[in-house]
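The values are calculated or read from the model by the stated rules, or taken from the named source; none is laboratory data. Note that this is a predicted model, so its numbers are computed, not measured. Cβ atoms come from the backbone with ideal geometry, glycine included; neighbour counts cover every protein chain shown. Side chains are part of the model used for accessible areas, which takes the heavy atoms of the whole protein and leaves out ligands, DNA and RNA. Shrake-Rupley method; radii C 1.70, N 1.55, O 1.52, S 1.80 Å.
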Amino acid sequence: MDPSTQRLLERSREFLRGSIEDQPRLSDAAAVACMSQFHFHRKFTRTYGETPHAFTTRAKIDRAKTLLATSDLTVLEICLSVGYSSVGTFSRRFTELVGRSPSDYRRGVRPTIFVVPEMIPPLWTPSFIPRCFIGGWSQT
């Protein structure tokens, strides 16, 4: 693939990632890439190994995972903030992709991380670090 096409696809992928809350349309992403919808869909899928729809769905779920782990927002609030209008649809899709419900995910991930809230974006650190990892680690 020529470098200019690659840059256009990367730009459209960043557009999709940055506008997940706004329900980006295929036609908008194709316009960012300066391609027809059909050509864009084919090139995107061939280049990234997933359709634009699958990419945006995964980006939404990744954002939801971050919010579940680091915020006190309700599942409904997270559902709406990542662009879903139905908590049932959101929960079903989350469970399909992650393997557990949003509530189960939150309960499972919360004890394993410590969030430094002053950091933007929040810094995630393990709440338990095995002693063998600390051995050669010096603090400055």
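Looking across Thr57, Thr5, one residue alone is open to solvent by 20 Å² or more (accessible area, probe 1.4 Å) and outside any loop (DSSP other than H, G, I, E, B). It is Thr5. Note on segment 87-112: among residues that are modelled with pLDDT under 90 and of a type in the set (Val, Ile, Thr), the one that is most open to solvent (accessible area, probe 1.4 Å) is Thr112. Among residues of segment 28-44 being exposed (fewer than 14 other Cβ atoms within 10 Å of the Cβ) and assigned to a helix (DSSP H, G or I), the one that is nearest to the chain's Cα centre (by Cα) is Arg42. Of all residues in segment 45-54, those satisfying the criterion of being open to solvent by less than 50 Å² (accessible area, probe 1.4 Å) and not in a helix (DSSP H, G or I) are Glu50, Thr51.
Could you say whether any residue in segment 15-27 is over 24 Å from Ser85 (Cβ atoms), open to solvent by 50 Å² or more (accessible area, probe 1.4 Å) and part of a helix (DSSP H, G or I)? No, segment 15-27 contains no residue that is over 24 Å from Ser85 (Cβ atoms), open to solvent by 50 Å² or more (accessible area, probe 1.4 Å) and part of a helix (DSSP H, G or I). Among the residues of segment 67-86, those identified as over 24 Å from Gln37 (Cβ atoms) and open to solvent by 50 Å² or more (accessible area, probe 1.4 Å) are Asp72, Leu73, Thr74, Leu76, Glu77, Leu80.
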